[in-house]
Structure formats: C-alpha cells, structure tokens
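The values are calculated or read from the model by the stated rules, or taken from the named source; none is laboratory data. Bear in mind the structure is a predicted one, so any value in this text is a computation, not a measurement. Quick reminder, even Gly has a Cβ in these numbers, built from the backbone with ideal geometry, and neighbours come from all protein chains shown.
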Amino acid sequence: MTNERRGKSDKTPKKGLRKSGGPSLFHEQELYARGIRPVAGVDEAGRGPLAGPVVAAAVILPEGFRLDGLDDSKKLNHAKREELFEALVGNAQLRYAIAEASSEEIGYLNILRATHLAMKRALVGLKENGHPVAHALVDGLPAKGLPVEQTALVGGDGLSLSIAAASILAKVTRDRIMEELDREFPQYGFAIHRGYATADHLAILKKHGPCPHHRLGFAPVDQPGFDF
C-alpha cells in the first residue's frame, strides 16, 4: 500500500524489484491487482543538455505486452532505439502521448520544473486523446504537479516496461528534434552531440555564441558577451 494522493507520491521513491532479463510488468501488475488501471509509464529525455527542449512521454501498454529488446533507452544504440520506436508507435493496442517543454520554458522555470511540466503535458495528452490515466509510474524521483497519482521508481526505465517504452519514445523524439535544429543551425552540430556539453559543442558555443534554442541559466551558455 502507498499513502499517495492525487498528483503526489511518497517522499521516498521506491527502488523497485528488478527482474532478470530487463524490465517487466511487475509494477504494472501490482497496480492491476488493486483494481488500478490504466497505468502509464512516464519518462523524459534531455534534462542535461545545454540546448533544445526536454521531452517526456507517457505510455499505456496493453496487458501482457511483450517486445523483444525493450529496455532503458540509455542502454541501447541509435539503430535499436529507432527500431523499437517504430514498433511501439505502430502497435494499435498501445496508447501514448509525447510532450515537451521548450528551452525558453527551461530558462524561466528551471530544468526540474520544466521536466515535470513536460510529464504533466504528456499525461494530459493521453486524457485529451480519450485515454485518461488512473496511475503513473514515473522514472526517478516524484514529479510535482502531475494530474494523477504516481509511483516513483528509481531506475524505473530498467524495471518497468511502461517506463522503458516511454524512455524510447522520449529519447527518439528528442533526437529527431535536435536533427531538425541542426538543419536550422548547422554550425552548432546538434545532430551529433544532441545539445550536450561535449568539448566540440563548448568550442562551437565559444566561437559563435548561443542560438535561440540554447538554455539560459546553464553556465556555459550564460557567458559574458553572449547575445541572442
């Protein structure tokens, strides 16, 4: 039992139970057994970069769902993530929504609040599409402001198949956004480093200064002399 209230969760997130062979439906099935459904896995991509949005996805898997190779997106290479993304969005029984918070929103909210906003938008997106969620399984620490009850799972993208699916959708979507930004601002190399603070990105940032998609409030971006 948890003593969660709507939009809140226990202050201490669960560590969860890792099953051999990767994520499972263990945590989803625990909730089903209590009569709680549908359950959505929620995860984000892009908290650490210096540029671009933070993207979140919320995914409701059909009961008994299986997809070979589905795991935490960070453990997979680009080609495998793309393959899994297409399999997930092509599954007619799966429900999902993807949302983002812009670099501008990150600048005035801070990255944590912007991440929670993107997660909220993803869950609201499911509801607006006719698939309201009863409970969210969230990767990491509890997210403030969610419109449904939640269970936070540390390392959740390696524990819960719903969260793993959300991690794939969020990561691939964000990578594609950064590829679009690369075409708009080719001098920054966004398609290569995805906005992260690599040595090449920092050197380019020092040479050209930030573009409108860089995040204000992040130290390497807020250097004296930079101007949007």
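Structural remarks
- Consider the range 46-97 and keep the residues that are over 29 Å from Ala197 (Cβ atoms) and acidic (Asp, Glu). The one that is surrounded by the fewest Cβ atoms within 10 Å (Cβ to Cβ) is Asp68.
- Residues satisfying the stated conditions in the range 58-76, i.e. over 20 Å from Asn129 (Cα atoms) and either of a type in the set (D, E, K, R) or touching a strand residue (DSSP E or B) at 6+ places or on another chain (Cβ under 6 Å) (or both): Arg66, Asp68, Asp71, Asp72, Lys74, Lys75
- In the range 1-49, the residues that are under 20 Å from Ser167 (Cβ atoms), hydrophobic (A, V, I, L, M, F, W, C) and at pLDDT below 60: Leu17
- Set Ser167, Ser160: member being modelled with pLDDT of 95 or more, within 20 Å of Lys80 (Cα to Cα) and in contact with a Gly (Cβ under 7 Å, 6 or more places away or on another chain): Ser160
- Within the range 34-45, considering residues that are touching a residue at least 60 places away in the same chain (Cβ under 8 Å) and part of a loop (DSSP other than H, G, I, E, B), the one surrounded by the most Cβ atoms within 10 Å (Cβ to Cβ): Pro38
- Test: Pro147 is surrounded by fewer than 18 Cβ atoms within 10 Å (Cβ to Cβ) and on the phi < 0 side of the Ramachandran plot: yes
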